[in-house]
Amino acid sequence: MTVGFIGFGEAGSTIAAGLRSAGLERSVTFDIAAHDARLGPTIRERATRSCTAIVESPADLARASDIVFSTVTSSSALDAARQTIAFLEPRHLYADLNSVSPALKQEIDRVVTASGARFVEAAVMAPVLPYGHRVPMLLGGSGAALFAARMTPFGMRCDVLSAPVGTAAAVKMCRSIVVKGLEALMCECVLGASRYGAGPHVFASLNESFPGLDWQKLADYMVGRLVLHGERRAREMEEVAETLRAIGIEPIMAEATARRQDWSARLDLRSQFGPDGPTTTGEVLDAIARLTGIEEG
């Protein structure tokens, strides 16, 4: 069995490497940036590390693959499907792993199904790192059960939902309102408290109000995630906001979360740290001070 990846960023390449280590015989990828002067070297390095062959077109990818994973940016998910469908056959499973709205998952389902291939809605329910290919996924679509049957032996964690396409995306979307919202709240709390030297007292009070949680440790983790993934999370929350607005819910919190996540990206906080990001909120505050000249109290 050969798995093909449309897009070979962090998520796709990490899953590919994990599958190969678990015994997958062959993987291929098509990435439109493979020969880009800036992005190409990273893509080629990822391909070498994961023993994945780079192909030159969607046609080559479909010809070589049995299962296609779409792991592109959320804004490119529909285009990726449209560029590939002419080359899909009934033997193909097309799994969309991108963080997009339920409505867009449904549109991609219609596009893929019209080609005769079977569609798999995959909602990735945790960061791909450090889980790798074992990251939990919720699945929907006509190909979900077969996808799970083929990929579970390689260690993939697949939970098939008996629900219409879009349900898995809705689960992920509503969960993101909480998780990414908490990241934004913790960041804003730390920023405000640091100006008055109030951080330790704030976390001590939270520990008393919510026993069983180490709020400083939670803040260290959540602010670190915001620093590392602010750009992607901001775009995901903008998608969440659009979805809520389309169903008549004013996205007050989703839009605020997107703004705080985007703030981290625009400040380029990630550039101040290695690939694993910061380990404490103190490191983040020091980085902000370097970038803005504003120090904590």
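The values are calculated or read from the model by the stated rules, or taken from the named source; none is laboratory data. Remember, predicted model here, so these are calculated numbers, not experimental data. We place every Cβ from the backbone using ideal geometry, glycine too, and count neighbours over all the protein chains shown. In case anyone asks, the SASA skips ligands and DNA or RNA and just uses the protein heavy atoms, side chains included. Shrake-Rupley method; radii C 1.70, N 1.55, O 1.52, S 1.80 Å.
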- request: Determine which member of the set ALA184, ALA169, ALA95 is under 29 Å from GLY277 (Cβ atoms), in contact with a Ser or Thr (Cβ under 6 Å, 6 or more places away or on another chain) and of a type outside the set (Phe, Trp, Tyr).
  value: ALA184
field: Filter result for ILE85 (assigned to a helix (DSSP H, G or I), out of contact with any Asp or Glu (no Cβ under 9 Å at 6 or more places or on another chain) and open to solvent by less than 30 Å² (accessible area, probe 1.4 Å))
entry: no
- line: Expected output for segment 220-235 (first residue surrounded by 19 or more Cβ atoms within 10 Å (Cβ to Cβ), partner outside any helix (DSSP H, G or I) and β-branched (Val, Ile, Thr), Cβ below 6 Å, 6+ apart or cross-chain) is ASP220/THR280
- prompt: If you take the residues in segment 144-165 that are within 24 Å of GLY9 (Cα to Cα) and touching a Lys or Arg at 6+ places or on another chain (Cβ under 7 Å), which one is surrounded by the fewest Cβ atoms within 10 Å (Cβ to Cβ)?
  reply: GLY155
task: Mind counting the residues in segment 33-59 that are of a type outside the set (Gly, Ala, Ser) and touching a residue at least 12 places away in the same chain (Cβ under 8 Å)?
output: 9
- prompt: Can you name the residue in segment 120-136 that is of a type in the set (A, V, I, L, M, F, W, C) and closer than 16 Å to SER101 by Cα and is also surrounded by the most Cβ atoms within 10 Å (Cβ to Cβ) among such residues?
  reply: VAL120
field: Identity of the residue in segment 101-117, part of a helix (DSSP H, G or I) and among the hydrophobic types (A, V, I, L, M, F, W, C), that ends up surrounded by the most Cβ atoms within 10 Å (Cβ to Cβ)
entry: VAL112
- line: Within segment 94-130, residues being modelled with pLDDT of 95 or more, within 12 Å of the chain's Cα centre (by Cα) and among the small types (Gly, Ala, Ser) number 2
task: Quick one: which residue in ASP286, ASP276, ASP262 is assigned to a helix (DSSP H, G or I) and within 19 Å of the chain's Cα centre (by Cα)?
output: ASP262
- request: Being on the phi > 0 side of the Ramachandran plot and open to solvent by 30 Å² or more (accessible area, probe 1.4 Å) is the filter here, so list the residues in segment 2-32 that pass it.
  value: GLY23
statement: Going through segment 38-63 in order, the residues found to be aliphatic (A, V, I, L, M) and not in a helix (DSSP H, G or I) are LEU39, ALA53, ILE54, VAL55
task: Kindly list the number of the only condition in (1) assigned to a helix (DSSP H, G or I); (2) modelled with pLDDT of 95 or more that fails for VAL28.
output: (1)
statement: The condition from (1) under 26 Å from ARG157 (Cβ atoms); (2) modelled with pLDDT under 95; (3) in a helix (DSSP H, G or I) that SER75 misses is numbered (1)
Residues (more than 12 Å from the chain's Cα centre (by Cα) and of a type in the set (A, V, I, L, M, F, W, C)) located in segment 229-247: VAL240, ALA241, LEU244, ALA246, ILE247
query: Among (1) surrounded by fewer than 22 Cβ atoms within 10 Å (Cβ to Cβ); (2) outside any loop (DSSP other than H, G, I, E, B); (3) of a type outside the set (A, V, I, L, M, F, W, C), where does HIS35 come up short?
result: (2)
message: Being in a helix (DSSP H, G or I) and among the aliphatic types (A, V, I, L, M) is the filter here; which residues of segment 221-248 pass it?
response: MET222, VAL223, LEU226, VAL227, LEU228, ALA234, MET237, VAL240, ALA241, LEU244, ALA246
message: Of everything in segment 246-265, what is at pLDDT 95 or above, within 18 Å of ALA170 (Cα to Cα) and either touching a Cys at 6+ places or on another chain (Cβ under 9 Å) or surrounded by fewer than 16 Cβ atoms within 10 Å (Cβ to Cβ) (or both)? Give them in sequence order.
response: GLY248, ILE249, GLU250, ILE252
Residues that are within 15 Å of the chain's Cα centre (by Cα) and small (Gly, Ala, Ser), drawn from segment 164-186: ALA168, ALA169, ALA170, SER176
- prompt: Does any residue of segment 181-197 turn out to be outside any helix (DSSP H, G or I) and small (Gly, Ala, Ser)?
  reply: yes
